[in-house]
Structure formats: C-alpha cells, structure tokens
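The values are calculated or read from the model by the stated rules, or taken from the named source; none is laboratory data. Worth saying up front: this structure is predicted, and the values here are computed from it rather than measured. Cβ placement follows ideal geometry from the backbone for every residue including glycine, while neighbour counts extend to all protein chains displayed.
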Amino acid sequence: MIITSEKLKQSILVALGDKEMLKILDASMFKAVSVNDIIRETGIPHTTAYRKVKWLLDQGLLGVQKITITPDGKKFSKVRSTLRAFNVRYELGNVVVEGEQNFNPVERTAQDFFTLGNDSA
C-alpha cells in the first residue's frame with residue numbers, strides 16, 4: 001500500500017535513519033514483545049528503549065498487540081511492528097513510501113476476544 005499521510009511518511013523516514021529504532025522494529029516484526037524483551041534482545045539502554053518505543057507507538061509504527069496484568073497487579077504491553085516492509089523512492093520532488101502491513105490490530109483484538117477462556121492451562 002502507498003502511504004499517503006505526510007506525517008506517517010516522515011515517521012518512517014526518521015525510523016529508517018535511526019539504528020536503534022530499526023533494531024526495535026526488527027525485534028517486533030514477527031511476534032509481539034515487551035519492552036524488556038526488546039532491551040534484552042537488542043542491548044539498547046533501558047531509557048532509550050522506552051523513549052523510542054513510545055515514539056514508535058505514537059507514530060503508528062508499533063501497535064499494542066497484547067496487554068497483560070501480572071499477579072501482583074502490574075500492567076505491561078506487548079508491541080508489534082505494524083508494517084513488515086518499507087519501500088522508499090524519490091521521484092522528481094516527491095517522496096513515495098510504500099509499506100506492507102504486518103498485522104491488523106483490530107482483527108487481532110477480535111481474535112483474542114473470541115479465544116478468551118479457551119486457553120488450556
């Protein structure tokens with residue numbers, strides 16, 4: 001799909017130019033991961049990882065796929081990259097950005113809802 005939102009295009013270009021954001025997108029490409037998982041897998045410093053994950057979420061490049069509440073009442077989210085691939089080209093004063101959707105967050109939420117209670121423990 002061709003990205004038409006100028007804000008999203010700019011966000012993609014910024015993310016592609018940042019090595020830590022690329023590591024975060026790579027870590028969350030195929031499965032939903034927590035920020036702690038990202039920190040362990042990539043070696044990105046704790047505060048940097050949280051700041052960049054928040055930015056990627058705000059820009060729509062990451063999506064929350066699952067929210068878990070631990071037995072002691074703490075909440076944490078698992079995130080996943082919303083786009084699987086980017087293609088950027090420049091054509092006579094125009095930047096064209098194409099993206100391949102990784103998952104549909106609404107569809108995934110519906111799937112999770114209908115499987116509630118079906119988990120075998």
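Table for the structure above
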item: Test: ARG51 is out of contact with any Ser or Thr (no Cβ under 6 Å at 6 or more places or on another chain) and of a type in the set (D, E, K, R); result: yes
item: Selection status of ARG89, part of a helix (DSSP H, G or I) and surrounded by fewer than 15 Cβ atoms within 10 Å (Cβ to Cβ); result: no
item: Tally, over the range 25-69, of residues that are without any contact (Cβ under 8 Å) to a residue 40 or more places away in the chain, small (Gly, Ala, Ser) and over 24 Å from ILE3 (Cβ atoms); result: 2
item: Extreme residue, nearest to GLU41 (Cα to Cα), among residues of the range 4-30 that are surrounded by fewer than 18 Cβ atoms within 10 Å (Cβ to Cβ) and among the polar types (S, T, N, Q); result: GLN10
item: Selection status of ILE12, of a type in the set (A, V, I, L, M), touching a strand residue (DSSP E or B) at 6+ places or on another chain (Cβ under 9 Å), under 15 Å from VAL97 (Cβ atoms) and assigned to a helix (DSSP H, G or I); result: yes
item: Enumeration of residues in the range 52-73 that are part of a helix (DSSP H, G or I), surrounded by fewer than 17 Cβ atoms within 10 Å (Cβ to Cβ) and among the basic types (Lys, Arg); result: LYS54
item: Residue match in the range 74-82 (condition: free of Cβ contacts under 8 Å to residues at least 24 places away in the same chain, buried (at least 17 other Cβ atoms within 10 Å of the Cβ) and closer than 16 Å to VAL33 by Cβ); result: yes
item: Top-ranked residue of the range 92-107 - restricted to ones that are at pLDDT below 85 and in a loop (DSSP other than H, G, I, E, B), ranked as surrounded by the fewest Cβ atoms within 10 Å (Cβ to Cβ); result: ASN104
